1. Return the pairs, sorted by first residue and then second, in which the second residue is assigned to a strand (DSSP E or B) and within 11 Å of ligand 2 (Cβ to nearest atom), the first residue lies in the range 1-25 and is in contact (Cβ under 8 Å) with a residue 60 or more places away in the chain, the beta carbons are less than 8 Å apart, and the residues are 6+ apart or on different chains.
2. Scan the range 41-52 and tell me whether some residue there is closer than 18 Å to residue 90 by Cβ, in contact with a Ser or Thr (Cβ under 8 Å, 6 or more places away or on another chain) and within 11 Å of ligand 1 (Cβ to nearest atom).
3. Of everything in the range 1-30 that's within 11 Å of the chain's Cα centre (by Cα) and within 13 Å of ligand 2 (Cβ to nearest atom), which residue is surrounded by the fewest Cβ atoms within 10 Å (Cβ to Cβ)?
4. Identify the single condition in (1) more than 16 Å from ligand 2 (Cβ to nearest atom); (2) more than 18 Å from residue 116 (Cβ to Cβ); (3) in contact with a Leu (Cβ under 9 Å, 6 or more places away or on another chain) that residue 86 does not satisfy, given that it satisfies every other one.
5. Can you pull out the residues in the range 80-97 that are assigned to a loop (DSSP other than H, G, I, E, B) and either in contact (Cβ under 8 Å) with a residue 24 or more places away in the chain or of a type in the set (D, E, K, R) (or both)?
6. Name the residue, out of 56, 105, that is within 10 Å of ligand 1 (Cβ to nearest atom) and either in contact (Cβ under 8 Å) with a residue 12 or more places away in the chain or within 18 Å of residue 2 (Cα to Cα) (or both).
7. Cβ contacts < 9 Å: first residue on the phi < 0 side of the Ramachandran plot, restricted to the range 68-79; second residue outside any helix (DSSP H, G or I) and among the hydroxyl-bearing types (Ser, Thr, Tyr), any location; separation 6+ or different chain. Result?
8. Among the residues of the range 42-59, are any touching a Lys or Arg at 6+ places or on another chain (Cβ under 9 Å), hydrophobic (A, V, I, L, M, F, W, C) and more than 15 Å from ligand 2 (Cβ to nearest atom)?
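What follows draws every value from the coordinates through simple rules; no lab data is involved. Remember, predicted model here, so these are calculated numbers, not experimental data. Note that each Cβ is placed from the backbone with ideal geometry, even for glycine, and that neighbours are counted across all protein chains shown.
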Amino acid sequence: MATDPNCIFCKIIEGKIPSKKVYEDDELFAFHDIAPWAPVHFMVVPKRHIASMAQLEAGDAALMGRLMTLAPKLALEQGCRPYPEGGFRVVVNTGTEGGQEVHHLHVHVMGGPRPWLKG
Ligand code: AMP
Ligand code: ZN
């Protein structure tokens, strides 16, 4: 598994930095955002260090497909109400102009009753 020793999310995945874990399997990890914008706010990440969506390759399609089909299940488990009254927002900040601060690909999942802190 490719990891980056300087990457904060790699350290979280390895358990070197504590996190509130939501889910883990052999290739995906999910944990609560430390500064939530919404009543439910967690991130799903590939365990392999991929810097951003911009680095995805054709061979990552299955991995990202699994990530995107896992997200709705975790959203419900974490307290988002069902679609269509409830729902959730998925955000993938990519690159500086995309607002990305941590350079390990992560999918934000936000939901819960309004209002939210942002968005
Ligand atoms: P982004 O701006 O999309 O790169 O988002 C990075 C997110 O990581 C921000 O929402 C931060 O609050 C969150 N974050 C940074 N450090 C940690 C940490 N140690 N544990 C959980 N979330 C973190
Ligand atoms: Zn990483």
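1. Close Cβ pairs (under 8 Å, with a partner that is assigned to a strand (DSSP E or B) and within 11 Å of ligand 2 (Cβ to nearest atom)) amount to 9/45.
2. Let us first name the residues in the range 41-52 that are closer than 18 Å to residue 90 by Cβ, namely 41-46, 50, 52.
If we keep only those that are in contact with a Ser or Thr (Cβ under 8 Å, 6 or more places away or on another chain) as well, we get 52.
So of that shortlist, the ones also within 11 Å of ligand 1 (Cβ to nearest atom) come out as 52.
Yes, the conditions are met somewhere in the range 41-52.
3. Ranking the qualifying residues of the range 1-30, first place goes to 29.
4. Unmet condition: (2).
5. Initial filter on the range 80-97 (assigned to a loop (DSSP other than H, G, I, E, B)): 80-87, 92-97.
Once the filter is applied, which keeps residues that are assigned to a loop (DSSP other than H, G, I, E, B) and either in contact (Cβ under 8 Å) with a residue 24 or more places away in the chain or of a type in the set (D, E, K, R) (or both), the range 80-97 yields 80, 81, 85, 86, 87, 92, 94, 95, 97.
6. Working: 56 fails: within 10 Å of ligand 1 (Cβ to nearest atom).
Testing whether each residue is within 10 Å of ligand 1 (Cβ to nearest atom) and either in contact (Cβ under 8 Å) with a residue 12 or more places away in the chain or within 18 Å of residue 2 (Cα to Cα) (or both) leaves just 105.
7. 70/23; 72/83; 73/23; 74/23; 77/23
8. Looking for residues that are touching a Lys or Arg at 6+ places or on another chain (Cβ under 9 Å), hydrophobic (A, V, I, L, M, F, W, C) and more than 15 Å from ligand 2 (Cβ to nearest atom), one finds at least one in the range 42-59, hence yes.
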